[in-house]
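Trainee: Before I ask anything, here is the structure I am working with.
Any read-out appearing in this document is the output of simple, stated calculations on the displayed coordinates, not a laboratory observation. Worth saying up front: this structure is predicted, and the values here are computed from it rather than measured. In this analysis, Cβ positions are derived from the backbone assuming ideal geometry, glycine residues included, and neighbour counts consider all displayed protein chains.
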Amino acid sequence: MGKRRRVAEQRRTNPAVLGGVIAVVAVGGAGFGAYALWGGGPAPDDGKGTQSAPRHHDTVKTGPLTAAEVRTTAERFLTAWQQGRPAEAAAATNDSAAATALLTGYTQDAHLEQVTLTAGTGTGTGTGTGGKVPFSVRATVAYKGLTKPLAYDSALTVVRRATDGKPVVDWHASVVHPDLKDGDTLVTGASGTPPVKALDRDGDELTTADYPSLGTVLDGLREKYGKTAGGKAGVELRVIRGKASQKAELSDKTLVELSKGTPGTVRTTLSPTLQAVAEKQVAKRQRASVVVVRPSTGEILAVANTDHGFNTAFQGSLAPGSTMKVITSSLLIDKHLASADKQHPCPKTFTYGGWKFHNDDDFEIKNGTFKASFARSCNTAFISQAPKLENADLTRQAQQVFGLSMNNWAIGVPSFDGAVPVQSAAQMAASLIGQGGVRMNPLNMASVAATVKAGSFHQPYLVSPKTDGRTLATASRTLSASTLSQLRELMKFTADYGTAAEAMSGLGPDYGAKTGSAEVDSQKKPNGWFTAYRGDLAAAGVVQRGGHGGDTAGPIVATLLKTGS
C-alpha cells in the first residue's frame with residue numbers, strides 16, 4: 001500500500017519548471033500523457049474547447065500580446081493535443097477545421113502514441129502582435145506490432161483572432177511537423193512506393209549522409225521510379241503531399257521507417273567528384289544553389305543547395321538578371337540589331353514604356369561595341385532595342401533555340417524549365433535583362449550556357465531516357481553559325497575582360513561566362529547569378545540576397561569548372 005500511495009502522490013504533483021522549460025510529461029503506455037504546461041492549472045476557456053464570438057457590448061482587444069496570453073494559449077493548445085483531444089486543441093487555433101483534421105490524423109492515420117511535448121520559452125511577446133513558442137515532440141510510431149521512436153522540434157505562433165481579438169494559435173500544418181505544408185498529411189502504413197537505391201554514374205550508392213543536398217532528389221527518384229525499379233514496399237511514417245504541394249511538385253517524404261522494403265536500383269548521371277565539390281561550395285554561403293551539366297549530352301553531373309528542404313537548383317523560379325542577356329543577345333544578333341564588334345549604344349539611362357531603366361551606378365560606354373556592353377553588363381544596351389522588337393520575340397527565342405518555357409522537360413525528377421512569358425511595354429523591356437516576368441533556376445541557366453557551348457539544345461537529364469523510354473524535350477531550331485560564333489565571342493570576352501574575369505581567371509581559353517544581379521523587391525541585396533562553360537562542362541549558380549554574381553555565385557561555378565570530370 002505504501003508503494004501505491006507514493007505512486008499516486010507522484011502523479012498528483014505538478015511538473016517542475018527547469019531552466020525556463022516546462023515539460024508536458026506523458027505517463028502510462030499507449031495513448032497520450034498527463035496534463036500540465038507551465039506549472040499546471042486550468043486552461044483559460046470554458047473547459048469544452050470552445051471560444052464564443054464577442055457579444056455586442058464586448059470590446060475587441062487589440063495591440064501586442066502579453067507574455068501571459070501567449071503562455072496560456074500555447075498551454076491550452078499543447079495540452080489538448082497531447083491528451084488526445086484534437087477538437088479542443090483545434091478550438092485554440094484560427095482554423096479549427098484544418099487543425100481538427102490534421103490532429104485527428106496524428107493518432108488515427110499516423111499512428112503516433114505516447115506523445116510528450118516540451119515547450120520552450122516564447123519569444124516576441126509584448127513587443128508585437130504575435131509570440132512564437134518553440135516546442136519539442138517525442139512520440140512512438142506504432143503500427144501492427146511494429147514500433148519506432150519519433151523526435152523532432154517545432155514551433156507555434158500566437159496571434160490575435162481578427163473577429164474577437166482573443167489570442168489563438170496561428171494555424172499551419174508545419175505546427176504539427178516542420179516538414180508539413182498546408183494540405184499535407186501524416187500517414188503510417190505500407191508505403192505503396194518501394195524504396196530505391198540511387199547510384200551515381202560510377203555505380204556507387206548516393207546517400208544524404210555523403211551528399212546532404214540530395215534529399216529532395218532521392219525523394220523524387222523514389223516517387224518516379226519506385227514502382228518500376230524492382231523493389232518491395234516497406235512500412236513507413238510518411239508525409240503525403242496535398243494538392244498545393246503536388247502543384248509545387250514536392251515529393252512525399254519518409255520520416256520513420258518501421259520495416260525496410262527491398263529497394264530497386266536507379267542509376268543517375270551524377271559525378272561523385274563534382275557532387276562532393278558542389279556540396280562543399282554551396283555550404284560556404286547562405287541560400288546558394290548550383291548545377292553542372294555536360295553540354296554534349298545534357299547529363300546532369302552535380303546539383304546542390306544550401307537549403308536542403310527545397311531544390312531551388314531544379315525547381316526554383318527566380319528572375320535570372322543579366323544572365324538572361326545570353327538569350328537576348330542571340331535574339332538581337334539574329335535580328336541584325338547587334339553585332340559583337342560593331343558600335344552599340346550604352347547610355348546611362350533609357351526610358352521605355354514609362355519606365356526609366358538604369359545601368360549599375362549609371363555608367364555609360366561612349367562609342368563602345370556590343371561586345372563591350374555585354375562584358376560590362378550594360379542594361380541600356382539591351383533596353384534600347386525594345387522599340388524594335390515584337391512582344392513575343394524573346395519568348396520565341398527562348399523556346400525555339402534554348403528549349404525553355406514549354407513545360408516539357410523530363411529530367412527524371414521534378415523540375416521547372418523556366419518561364420519567358422509574352423509581355424508588353426516596360427515589362428517586355430525588363431524581360432530583356434532578366435527581370436519582368438522571366439523566371440529561371442540554375443538548371444535552366446546551366447542549360448543555356450551548355451547550348452551555347454554545344455551549338456544546340458540538349459535537354460538536361462538526371463536519369464537516362466533509356467531507363468524508362470521517356471521522350472526528352474527538343475528545340476525547333478539552332479542558331480546560325482554567325483550568331484553562335486558571336487555569342488561565344490561575347491561570353492569569352494566577358495570571361496577574359498568583363499564582369500566574370502576575376503572568377504574565371506586561369507580557366508581559359510576554351511571558356512565563356514556571364515554574370516547577373518537580379519533585383520528583388522524588399523531585398524537589400526540582389527540575387528547573384530553566374531553561368532559559364534569550360535570544355536565539355538557547363539554550370540550555373542545563384543546566391544540569393546548575395547549581391548553581384550561575379551563575387552558570389554562566380555567562385556562556386558568556377559571551382560566546379562576547374563574540378564572537371
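Trainee: For the stretch 195-209, what does the Karplus curve 6.51 cos²θ - 1.76 cosθ + 1.60, with θ = phi - 60°, yield as ³J(HN,Hα) per residue in whole Hz, taken in order and with x for Gly and Pro?
Mentor: x, 10, 9, 8, 10, 7, 5, 8, x, 8, 5, 9, 10, 6, 5
Trainee: Remind me, relative contact order of the stretch 229-363 in percent, using alpha carbon pairs under 8 angstrom and six or more residues apart?
Mentor: 14 percent
Trainee: Please order ARG138, ARG534 by the number of other Cβ within 10 Å, starting at the fewest.
Mentor: In order of increasing Cβ crowding within 10 Å: ARG138, ARG534.
Trainee: Would you please give the residues with an amide H less than 5 Å from that of LEU199, counting only those at least 5 places away or on a separate chain, with H modeled from the backbone geometry?
Mentor: LEU206, VAL266, ARG267, THR268
Trainee: Nearest 5 is fine: what % of DSSP beta bridges in the chain come out antiparallel, could you say?
Mentor: 95 percent
Trainee: Considering only the stretch 196-264, what is the antiparallel percent among its DSSP beta bridges, to the nearest 5?
Mentor: About 90 percent, rounded to the nearest 5.
Trainee: Can you run phi through the Karplus equation (6.51, -1.76, 1.60; θ = phi - 60°) for the stretch 150-158 and list ³J(HN,Hα) in whole Hz, with x for Gly and Pro?
Mentor: Taking θ as phi minus 60°, the curve returns 9, 9, 6, 10, 9, 7, 10, 10, 9 Hz for the stretch 150-158.
Trainee: Let me know the charge dipole size of the stretch 196-264 about its Cα centre in debye, to the nearest 20, where only the beta-carbon of Lys, Arg (+1) and Asp, Glu (-1) is charged.
Mentor: The dipole magnitude comes to about 460 debye.
Trainee: Now, a different point. Would you mind checking the radius of gyration and Dmax of the stretch 63-170 based on alpha-carbon positions, in Å?
Mentor: My reading of the Cα-based Rg and Dmax gives 14.6, 51 Å.
Trainee: Run the reach check for LYS247 against aspartates and glutamates, Cα to Cα strictly under 19 Å, same-chain hits fewer than 8 apart removed. What comes back?
Mentor: ASP179, ASP182, ASP184, ASP219, GLU223, ASP417
Trainee: With n ≥ 4 as the cut-off for DSSP H runs, can you work out [θ] at 222 nm for the chain, using -39500 (n - 2.57) per run divided by the number of residues, rounded to the nearest 500?
Mentor: The helix-only estimate for the chain comes to -8000 deg cm²/dmol at 222 nm.
Trainee: Return the Rg/Rh value of the stretch 196-264, two decimal places, where both radii are evaluated on C-alpha atoms and Rh is the Kirkwood radius.
Mentor: A ratio of 0.97.
Trainee: Sticking with this structure for a sec: Go through LYS325/LYS562; LYS243/LYS284; LYS366/LYS514 and tell me which ones have a Cα-Cα distance over 26 Å in this structure.
Mentor: Flagged as over cut-off: LYS243/LYS284.
Trainee: Still on this structure, please answer the following. Hey, which lysines would be in cross-link range of LYS466, C-alpha to C-alpha under 25 Å, not counting anything within fewer than 8 residues on its own chain?
Mentor: Straight-distance partners of LYS466: LYS197, LYS224, LYS227, LYS232, LYS453.
Trainee: Additional query: What is the log10 of I(q)/I(0) for the chain, computed with the Debye formula using one identical point scatterer on each Cα and no solvent, at q = 0.12 Å⁻¹?
Mentor: These q points yield log10 I(q)/I(0) values of -1.09.
Trainee: Going by average Cβ density within 10 Å per residue, which order do the peptides 550-559, 253-262 take, highest to lowest?
Mentor: Descending packing order for the listed peptides: 550-559, 253-262.
Trainee: Tell me, what HN-Hα J-couplings in whole Hz come from the Karplus equation 6.51 cos²θ - 1.76 cosθ + 1.60 at θ = phi - 60° for each residue of the stretch 354-362, using x for Gly and Pro?
Mentor: Couplings: x, 9, 9, 9, 10, 8, 4, 6, 6 Hz.
Trainee: A further question on this structure: Going by average Cβ density within 10 Å per residue, which order do the peptides 345-358, 199-212, 456-469, 378-391 take, highest to lowest?
Mentor: Ranked from most to least packed, the peptides come out as 378-391, 456-469, 345-358, 199-212.
Trainee: Note down the magnitude of the dipole of the chain about its Cα centre, charges +1 on Lys and Arg C-beta and -1 on Asp and Glu C-beta and zero elsewhere, to the nearest 20 debye.
Mentor: In total the dipole reaches around 720 debye.
Trainee: If the convex hull of the alpha-carbon atoms of the stretch 235-331 is projected onto planes in all directions, what is the mean projected area in square nanometres?
Mentor: Over all viewing directions, the stretch 235-331 projects a mean Cα-hull area of 9.5 nm².
Trainee: Ranked highest first by average number of other Cβ atoms within 10 Å, how do 471-481, 86-96, 404-414 line up?
Mentor: Taking the mean over residues of other Cβ atoms within 10 Å, the ranking is 86-96, 404-414, 471-481.
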